[in-house]
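Have a look at the structure below before the remarks.
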Amino acid sequence: MTQLQHTQAHIVELNQDSIITLPSNVDVPTYDRSKVKAGIVHIGVGGFHRAHQAAYINELLKIPGNEQWGICGVGLLEANRGLRDILAKQDNLYTLTIRHPNGRVDNSVIGSMVEFLFAPENKQAVIEKMAHAETKIVSLTITEGGYNFHPATGEFDYSNPDIVHDIEDPAQPITAFGYITAALKLRKEQGLAAFTVQSCDNIQHNGLVTRKMLLAFAHQQDAELAQWIEQHVAFPNAMVDRITPISKQSDIDYVTQAYGITDGWPITCESFAQWVIEDTFSNGRPNWDNVGAQFVSDVTPFEKMKIRLLNAGHSVLGLLGEIHGFSTIDETVSDPLFAQYLRAFMDLEVTPLLDALPGIDIDSYKDTLIERFANPNIKDSLARICSQSSAKLPKFLIATISDNLALNRDISLAALVVASWCLYSDKGVSQQGETLEIHDDMAQELSTAAKLTTTKPTSFIELESLFGDLANNEKFISQYTHAIAAIYASNSQIKDVMAATLAAKGK
Ligand code: CS2
């Protein structure tokens, strides 16, 4: 038996005691976890957090003197109950499998989460934890949709029933804003310094957006508290990056085989990771720059580059790939036509809008993106990429279209992607006849609008909350309806339409 092959008899459950039994090629926490304090309370312990921030902190904890920067994870949603049960059994440990494009695999156990609180069962415990003197940062990965802004106007959405509830009943919050406000109120009353609120979501100006939303919420509840927050809480902007597919049964099986342990929720991710953070914190911060993150005074150009190239690039491949019938990003970008389309979109419709970044060569950034997407060991599903497109595309793609239209530049490649989103929402099947797995909070509205396309070709882009006034822009209407006519034609093949769109662009 090799070190990597474990027989059933040797399989044990992952927990603090069993990590000493792991093969020597598995990187395990070498620091004393019992001494680690949770200086960070993190809301939203999804795969991305576990592959990104928690992995950076895990590295940091290996350097003595950082014991105050452990993480207390918080699950706000009823859906987090399963995760809570698994983490409780595993002493909050989990495995992280890092898969490089060349096939190399780094196996590790991450120990930086030292506590986990499941909010639906004990709301007060979460508020008290955030209000505890040891808590210096409350960080968030609550997804684009969690920030509760109106996609087209960017204003706080007071009509969300959970927000209405939280404003009326501050002691029993449901939303992140409710918890953060309740905890800050306690800190203010107790004379404790405010914590930093640190967004780790893919939103341009994520710190500013978080600040704007939290203040809008807090103002409705307690104007004096809102003023205190305005004066004392820092909201650093940050660019976060690491591709983290949804965990699958094959990931669970891999861990059992390679590590000789069972992990109920292992995480797999790519080897690339990036974190660029604005250095504005209200109450201290970890030296993340000692473990690969970068502190800068203005993160805006980094965020814009990442969101408009990587995230939008993902959506371009995702929507076109779903229509064609591909199922993963690597499979899609391995098709030369899709790779060419992606590159043309990035070069012709995005790059001219980006600001120069000292020390970053945009061409090699794009080359690296394509290599990362092509990583054959990361099976990132198109279903994940296209999920919640209504929360993603306004910032990732529609912003690019609007910027180009304002500058009188061509938008034909992006227009075909929007048309594909309409077809995807309308038919829900690929051109190979497979049913598509669609997860979107606006799925019903998207599908209703899309289904009117054959009688009114602009019906989909009339969804004003997503497209703003694009449905009144003659140039956009002309490109979009041209794309709609092409993909709705009988026997139309998305690849032919992509090729024709590229050819019309001289590509
Ligand atoms: C993806 C991101 O679905 C999506 O929006 O583009 O989750 C992407 O994988 C991460 O932002 C990578 O950092």
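Determine whether region 108-130 contains at least one residue that is assigned to a strand (DSSP E or B) and of a type outside the set (A, V, I, L, M, F, W, C).
So in region 108-130, the residues assigned to a strand (DSSP E or B) come out as 108-110, 113-118.
Next, from what is left, pick out any that are of a type outside the set (A, V, I, L, M, F, W, C): 108, 115.
For region 108-130, residues assigned to a strand (DSSP E or B) and of a type outside the set (A, V, I, L, M, F, W, C): present.
Determine, yes or no, whether GLY321 is assigned to a helix (DSSP H, G or I), farther than 24 Å from GLN204 by Cα, within 14 Å of the ligand (Cβ to nearest atom) and touching a residue at least 60 places away in the same chain (Cβ under 8 Å). Can you show your working first?
Values: assigned to a helix (DSSP H, G or I): yes; farther than 24 Å from GLN204 by Cα: yes; within 14 Å of the ligand (Cβ to nearest atom): yes; touching a residue at least 60 places away in the same chain (Cβ under 8 Å): yes.
Spelling it out, GLY321 is indeed assigned to a helix (DSSP H, G or I), farther than 24 Å from GLN204 by Cα, within 14 Å of the ligand (Cβ to nearest atom) and touching a residue at least 60 places away in the same chain (Cβ under 8 Å).
Considering region 350-384 alone, what residues qualify as being within 14 Å of LEU309 (Cα to Cα) and in contact with a His (Cβ under 8 Å, 6 or more places away or on another chain)?
Across region 350-384, the qualifying residue is only PHE373.
Before we move on, is VAL41 at pLDDT 95 or above, in contact with a helix residue (DSSP H, G or I) (Cβ under 9 Å, 6 or more places away or on another chain) and not in a loop (DSSP other than H, G, I, E, B)? Steps first, answer last, please.
Working: at pLDDT 95 or above: yes; in contact with a helix residue (DSSP H, G or I) (Cβ under 9 Å, 6 or more places away or on another chain): yes; not in a loop (DSSP other than H, G, I, E, B): yes.
Judged against the criteria, VAL41 is a match.
Is it true that some residue in region 228-236 is among the aliphatic types (A, V, I, L, M), open to solvent by 10 Å² or more (accessible area, probe 1.4 Å) and touching a Phe, Trp or Tyr at 6+ places or on another chain (Cβ under 7 Å)?
Yes - at least one qualifying residue is present in region 228-236.
Taking ARG84, is it touching a Phe, Trp or Tyr at 6+ places or on another chain (Cβ under 7 Å), assigned to a helix (DSSP H, G or I) and away from the ligand (no atom under 16 Å from the Cβ)?
On the way: touching a Phe, Trp or Tyr at 6+ places or on another chain (Cβ under 7 Å): yes; assigned to a helix (DSSP H, G or I): yes; away from the ligand (no atom under 16 Å from the Cβ): yes.
Yes; evaluated as a whole, the condition is true for this residue.
Need the failing condition index for THR328 against (1) in contact (Cβ under 8 Å) with a residue 60 or more places away in the chain; (2) within 16 Å of the ligand (Cβ to nearest atom), just the number.
Here THR328 meets the rest and fails (1).
Any chance region 280-289 includes a residue that's in the same structural domain as ASN206 (by TED's automatic domain parsing), within 15 Å of the ligand (Cβ to nearest atom) and closer than 27 Å to PHE195 by Cα? Before you say what the answer is, go through the steps one by one.
Initial filter on region 280-289 (in the same structural domain as ASN206 (by TED's automatic domain parsing)): 280-289.
Then keep just the ones that are within 15 Å of the ligand (Cβ to nearest atom); that gives none.
No: region 280-289 contains no residue that is in the same structural domain as ASN206 (by TED's automatic domain parsing), within 15 Å of the ligand (Cβ to nearest atom) and closer than 27 Å to PHE195 by Cα.
Pick out the one residue from LYS379, LYS395 that is under 17 Å from the mean Cα position of the chain (by Cα) and modelled with pLDDT of 95 or more.
When all the criteria are applied, what remains is LYS379.
Could you list, in sequence order, the residues of region 352-391 that are charged (D, E, K, R) and surrounded by 16 or more Cβ atoms within 10 Å (Cβ to Cβ)?
Step one: list which residues in region 352-391 are charged (D, E, K, R), which gives 355, 361, 363, 366-367, 371-372, 379-380, 384.
Result: LYS366, ARG372, LYS379, ASP380, ARG384.
Going through region 387-410 one residue at a time, which ones are touching a Leu at 6+ places or on another chain (Cβ under 6 Å) and closer than 18 Å to MET346 by Cβ?
ASP403
Out of all the residues in region 297-313, which are open to solvent by less than 10 Å² (accessible area, probe 1.4 Å) and either within 22 Å of LEU337 (Cβ to Cβ) or more than 10 Å from the ligand (Cβ to nearest atom) (or both)?
Matches in region 297-313: VAL299, GLU303, MET305, LEU309, LEU310, ALA312, GLY313.
Take GLU349 and decide whether it is open to solvent by less than 30 Å² (accessible area, probe 1.4 Å), within 16 Å of the ligand (Cβ to nearest atom), at pLDDT 95 or above and outside any loop (DSSP other than H, G, I, E, B).
Values: open to solvent by less than 30 Å² (accessible area, probe 1.4 Å): yes; within 16 Å of the ligand (Cβ to nearest atom): no; at pLDDT 95 or above: yes; outside any loop (DSSP other than H, G, I, E, B): yes.
It is false that GLU349 is open to solvent by less than 30 Å² (accessible area, probe 1.4 Å), within 16 Å of the ligand (Cβ to nearest atom), at pLDDT 95 or above and outside any loop (DSSP other than H, G, I, E, B).
Counting just the residues of region 109-145 that are of a type outside the set (Asp, Glu) and modelled with pLDDT under 95, which one comes out nearest to ASP263 (Cα to Cα)? Before you say what the answer is, go through the steps one by one.
Step one: filter region 109-145 for residues of a type outside the set (Asp, Glu), giving 109-114, 116-120, 122-127, 129-133, 135-143, 145.
Checking which are modelled with pLDDT under 95 leaves us with 143, 145.
Numbers: THR143: 25, GLY145: 29 Å.
If we take residues in region 109-145 being of a type outside the set (Asp, Glu) and modelled with pLDDT under 95, then THR143 is nearest to ASP263 (Cα to Cα).
With the requirement that a residue be open to solvent by less than 10 Å² (accessible area, probe 1.4 Å) and among the polar types (S, T, N, Q), what does region 109-123 give you?
SER112
If a residue has to be within 20 Å of PHE467 (Cβ to Cβ), open to solvent by 40 Å² or more (accessible area, probe 1.4 Å) and touching a Lys or Arg at 6+ places or on another chain (Cβ under 9 Å) to count, how many in region 152-171 make the cut?
Residues flagged as within 20 Å of PHE467 (Cβ to Cβ), open to solvent by 40 Å² or more (accessible area, probe 1.4 Å) and touching a Lys or Arg at 6+ places or on another chain (Cβ under 9 Å) within region 152-171 amount to 1.
Report, by residue number, each residue of region 238-279 that is away from the ligand (no atom under 16 Å from the Cβ), at pLDDT 95 or above, outside any helix (DSSP H, G or I) and open to solvent by less than 30 Å² (accessible area, probe 1.4 Å).
Matches in region 238-279: ASP263, PRO266, GLU278.
The values are calculated or read from the model by the stated rules, or taken from the named source; none is laboratory data. A quick note: this is a predicted structure, and the numbers were derived from the prediction, not measured. Quick reminder, even Gly has a Cβ in these numbers, built from the backbone with ideal geometry, and neighbours come from all protein chains shown. The protein model used for the area step is the full one, side chains on, heavy atoms only, and it has no ligands, DNA or RNA in it. Shrake-Rupley method; radii C 1.70, N 1.55, O 1.52, S 1.80 Å.
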